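Colleague: Attaching a single structure in structure tokens format; questions to follow.
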Ligand SMILES: [Zn+2]
């Protein structure tokens, strides 16, 4: 029996187990910075699956490993979720973890504990196959992604010195192979004015007017931002505006504007800041906000809110290994595409230059949406794909 046939057989045997593991995760709410209980449950599942190593790092990420090879393949799932939003929009309990009509239901099933459950089964399959190839396969279950994408991986690379040769993000791709997405960043701009009595505004200098003129320039800037054939167009928009003044009968002396910037290929923190500086009024100040919330372990690992753009070419050996795995397992051609949203790839590939592909169960349109669910058959196929990937990489994507 070929390795591929064995992997497919085991993925099917463990299909319902994979769904039940996901169900157990969904029952434990795991908002960013509050993931401790779900990490404990996933550690239990990894140990039960026979992983060679299971440990929690200094930030609170769970690291599971199968294999002892000299090269490092990392397969990543962030296991924090966003909140449920308006409950009345849900047709079922977001934390029931119910398995019904071929789906696992609930918050986090698509984004993206489904990937985590499939990864655990992939580790189990590799152990049962006595995988002893050239890769150590690290399964990472990472924290705080929804709050600050990539920070968990900056921690793994910079503090834990876990530096993969290749990485896979298991964020939802509807079982397509993804190879990049736009980056993003945030700006805070502070405008100062001079207050005076509102009855004679000419004596003052209104900070709200300065911010407003600037905001309209931002609207124009958006229209002339460049596009990339694969990743699409960069974007910028004002997201928040706050001002103050001595009273409601005064000229405003302070205004703060927040901007959301999506960065396409070739756009960086430096280029995006320089564009704004061109029409920034004198005395106004641009800063990039810093994320500094403590993890559930109390660890503070700060990061500037800059999430670099990344993509790898379609003919890259990692993409081709994914394509070969897909063809061999499923007898079809995969669709190769990109995410619309941001992932931990901003740190792994965007900042650190380590090649990443995406392959995950579930549909990304259900991420952060009510009635989130993931097909059980996606979980089965994803577990087979992750188990096959180290073999495909060794064969050079053949
Ligand atoms: Zn996600």
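The values are calculated or read from the model by the stated rules, or taken from the named source; none is laboratory data. Since we're looking at a predicted model, the values are computed, not measured. Cβ: placed from backbone, ideal geometry, glycine included. Neighbour counts: every protein chain shown.
Colleague: Only residues that are at negative phi and either within 16 Å of the ligand (Cβ to nearest atom) or modelled with pLDDT under 95 (or both): list them for region 133-150, please. Before the answer, list the steps.
Modeller: Applying the first criterion (at negative phi) to region 133-150 yields 133-143, 145-149.
If the condition is that a residue be at negative phi and either within 16 Å of the ligand (Cβ to nearest atom) or modelled with pLDDT under 95 (or both), then 140, 141, 142, 143, 145, 146, 147, 148, 149 are the ones that fit.
Colleague: Among the residues of region 79-92, which ones are over 21 Å from the mean Cα position of the chain (by Cα) and either within 27 Å of residue 149 (Cα to Cα) or surrounded by 24 or more Cβ atoms within 10 Å (Cβ to Cβ) (or both)? Step through it out loud before you land on a result.
Modeller: Our first condition is that a residue be over 21 Å from the mean Cα position of the chain (by Cα); within region 79-92, this holds for 86-92.
Selection gives 86, 87, 89, 90.
Colleague: Suppose we filter region 55-92 for residues that are assigned to a loop (DSSP other than H, G, I, E, B) and touching a strand residue (DSSP E or B) at 6+ places or on another chain (Cβ under 8 Å); how many remain? Please lay out each step first, then the result.
Modeller: Looking only at region 55-92, we keep the residues that are assigned to a loop (DSSP other than H, G, I, E, B), and these are 57-61, 67-70, 79-80, 82-86, 90-92.
Remaining after also requiring touching a strand residue (DSSP E or B) at 6+ places or on another chain (Cβ under 8 Å): 57, 61, 67-70, 79-80, 82-83, 92.
Of the residues in that region, 11 qualify.
Colleague: Could I ask something else about it? Out of region 245-273, which residues are out of contact with any strand residue (DSSP E or B) (no Cβ under 7 Å at 6 or more places or on another chain) and either closer than 14 Å to residue 217 by Cα or surrounded by 18 or more Cβ atoms within 10 Å (Cβ to Cβ) (or both)?
Modeller: Once the filter is applied, which keeps residues that are out of contact with any strand residue (DSSP E or B) (no Cβ under 7 Å at 6 or more places or on another chain) and either closer than 14 Å to residue 217 by Cα or surrounded by 18 or more Cβ atoms within 10 Å (Cβ to Cβ) (or both), region 245-273 yields 245, 251, 267.
Colleague: I've got another one for you. When you look at residue 342, is it buried (at least 24 other Cβ atoms within 10 Å of the Cβ) and either modelled with pLDDT of 95 or more or touching a strand residue (DSSP E or B) at 6+ places or on another chain (Cβ under 7 Å) (or both), yes or no?
Modeller: Numbers: buried (at least 24 other Cβ atoms within 10 Å of the Cβ): no; either modelled with pLDDT of 95 or more or touching a strand residue (DSSP E or B) at 6+ places or on another chain (Cβ under 7 Å) (or both): yes.
No.
Colleague: So which residues in region 353-386 are within 16 Å of the ligand (Cβ to nearest atom), over 19 Å from residue 30 (Cα atoms) and in a strand (DSSP E or B)?
Modeller: Of everything in region 353-386, those that are within 16 Å of the ligand (Cβ to nearest atom), over 19 Å from residue 30 (Cα atoms) and in a strand (DSSP E or B) turn out to be 356, 357, 358.
Colleague: Could you please give the count of residues in region 192-238 that are within 35 Å of the chain's Cα centre (by Cα), part of a loop (DSSP other than H, G, I, E, B) and surrounded by 18 or more Cβ atoms within 10 Å (Cβ to Cβ)?
Modeller: Qualifying residue count, region 192-238: 2.
Colleague: Then there's this: Can you tell me which of 195, 199 is without any contact (Cβ under 8 Å) to a residue 60 or more places away in the chain, away from the ligand (no atom under 16 Å from the Cβ) and in contact with a helix residue (DSSP H, G or I) (Cβ under 9 Å, 6 or more places away or on another chain)?
Modeller: Values: 199 fails: in contact with a helix residue (DSSP H, G or I) (Cβ under 9 Å, 6 or more places away or on another chain).
After ruling out the rest, the residue left standing is 195.
Colleague: Of everything in region 346-398 that's free of Cβ contacts under 8 Å to residues at least 12 places away in the same chain and closer than 30 Å to residue 88 by Cα, which residue is surrounded by the fewest Cβ atoms within 10 Å (Cβ to Cβ)?
Modeller: 365
Colleague: Determine whether residue 114 is within 19 Å of residue 329 (Cβ to Cβ), surrounded by fewer than 24 Cβ atoms within 10 Å (Cβ to Cβ) and either within 14 Å of the ligand (Cβ to nearest atom) or touching a residue at least 24 places away in the same chain (Cβ under 8 Å) (or both).
Modeller: Details: within 19 Å of residue 329 (Cβ to Cβ): yes; surrounded by fewer than 24 Cβ atoms within 10 Å (Cβ to Cβ): no; either within 14 Å of the ligand (Cβ to nearest atom) or touching a residue at least 24 places away in the same chain (Cβ under 8 Å) (or both): yes.
The answer is no for residue 114.
Colleague: Among the residues of region 331-346, are any within 16 Å of the ligand (Cβ to nearest atom), assigned to a helix (DSSP H, G or I) and closer than 17 Å to residue 232 by Cβ?
Modeller: Looking for residues that are within 16 Å of the ligand (Cβ to nearest atom), assigned to a helix (DSSP H, G or I) and closer than 17 Å to residue 232 by Cβ, one finds at least one in region 331-346, hence yes.
Colleague: I've got another one for you. Return the total of residues in region 162-178 being out of contact with any strand residue (DSSP E or B) (no Cβ under 6 Å at 6 or more places or on another chain) and more than 15 Å from the ligand (Cβ to nearest atom).
Modeller: Residues that pass the stated criteria total 3.
Colleague: Here is a follow-up. Might you let me know whether region 122-130 holds any residue that is within 15 Å of the ligand (Cβ to nearest atom) and either assigned to a strand (DSSP E or B) or buried (at least 18 other Cβ atoms within 10 Å of the Cβ) (or both)? Talk me through it step by step, then tell me what you get.
Modeller: Pass one, region 122-130, residues within 15 Å of the ligand (Cβ to nearest atom): none.
No.
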